[in-house]
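Structure record follows, encoded as structure tokens.
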Amino acid sequence: MSSQLSPIDKAKFVAAKKATDYVQSGMKVGLGTGSTAAWLVRCLGEMVQDQGLRIKGVPTSSRTAQLARDVGIDVISLDEAKWLDVSIDGADEYDASLNLIKGGGGALLQEKIVATASDQMVIIADISKKVEALGAFPLPVEVIPFGWQTSKTLIEETLIGLDVLGHTTSLRMNGEAPFVTDEGNHILDLHLNRIGNARQLSLVLNQIPGVVENGLFIDICDAVVIGYGDGRVEVTDITKGTNEQSAYDFLDEDNLFSDVMD
Ligand code: 5RP
């Protein structure tokens, strides 16, 4: 029940719920990864079951694929879909231009491919994700396992010549072992503190051999839906040039998927 949700979960829920306004029957929809995106998948699943919504979902991770199937969404691959009407995903940071850092959940590669193959990309988040400048959240960079330590050194040397405040990197771990992405790669987290020129950094990182992709999403996102713990929700759509606010009424009888543990 809604009273069992923390304010942060309420914020994520209302953002996800509002973002379903971007989805209509017949659409092919990119499904993001992470705790906020999990709320979205649950909301869409409910609409499929109760309102007859007909969509094809393209998940951005094995986790999301499993959840989408569990809630009754028709899951297809990106190659089957070819192009998507909209992708909806979470973010680790977003700035005023809706440039993003993503990959906190390790799914940045599929997330970036899916978002780029969509007419619209919509981010759902709580207000804590908004920043003046990107970089306080460590920037995830996906590298192939072969020679990852050499890639790490090359990245650190490259950072010295760039407009960033920090230069250290760390291999993401999953317990005692390196974290492994759905593509079988590793993640290096770059502790930059502040990124002066995100576009340049993204281009330079992707030139380094061994780097598959980085978590900077530049000029990809069209709109952000921000949820608040009291039910307020704000939609900023930079493509339409609009900013709209509304509020969600939490009713005691709402079934807010209290089993969601992602
Ligand atoms: C996964 C991501 C997530 O979207 C990002 O980490 C935000 O996650 P959450 O909604 O749990 O805060 O990029 O790779």
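The values are calculated or read from the model by the stated rules, or taken from the named source; none is laboratory data. All figures in this text were calculated on a predicted structure; none of them were measured in a lab. As a convention, Cβ positions derive from the backbone with ideal geometry for all residues, glycine included, and neighbour counts pool all protein chains shown. Quick note on the areas: whole protein, heavy atoms, side chains included, nothing else; ligands and nucleic acids left out. Shrake-Rupley method; radii C 1.70, N 1.55, O 1.52, S 1.80 Å.
A few points about this structure:
- GluC sites (Glu not before Pro) within the range 76-183: DSSP coil, no more than 13 neighbouring Cβ in 10 Å: Glu132, Glu176, Glu183
- Degrees between helix 148-160 axis and first principal axis of the chain (Cα, 0 to 90, nearest 10): 80
- In the full protein context, the range 139-214 carries 52 Å² of accessible surface per residue, based on a 1.4 Å probe and ignoring ligands, DNA and RNA.
- Members of Lys12/Lys82; Lys18/Lys129; Lys18/Lys130; Lys28/Lys130; Lys17/Lys129; Lys56/Lys129 lying beyond 21 Å, as alpha-carbon distances in this model show: Lys12/Lys82; Lys28/Lys130; Lys56/Lys129
- For the range 1-76 versus the range 116-173, the spacing of their alpha-carbon centroids is 26 Å.
- The chain, accessible surface, carbon-and-sulfur percent (1.4 angstrom probe): 49
- Annotation for the range 96-112 versus the range 228-253: alpha-carbon center distance of 22 Å.
- Distant-in-sequence amide H partners of Leu84 (H built 1.01 Å from N, under 5 Å): Ser118, Asp119
- In the chain, taking the dipole from charged Cβ atoms about the Cα centre, the farthest positive-side position among Val164, Ile101, Met47 is held by Val164.
- Tilt relative to the chain, helix 7-19 - C-alpha long axis, 0 to 90 degrees, to 10: 80
- Excluding exposed DSSP-loop chymotrypsin sites (Phe, Trp or Tyr not before Pro) (at most 13 other C-beta within 10 Å), longest clean stretch of the chain: 147-262
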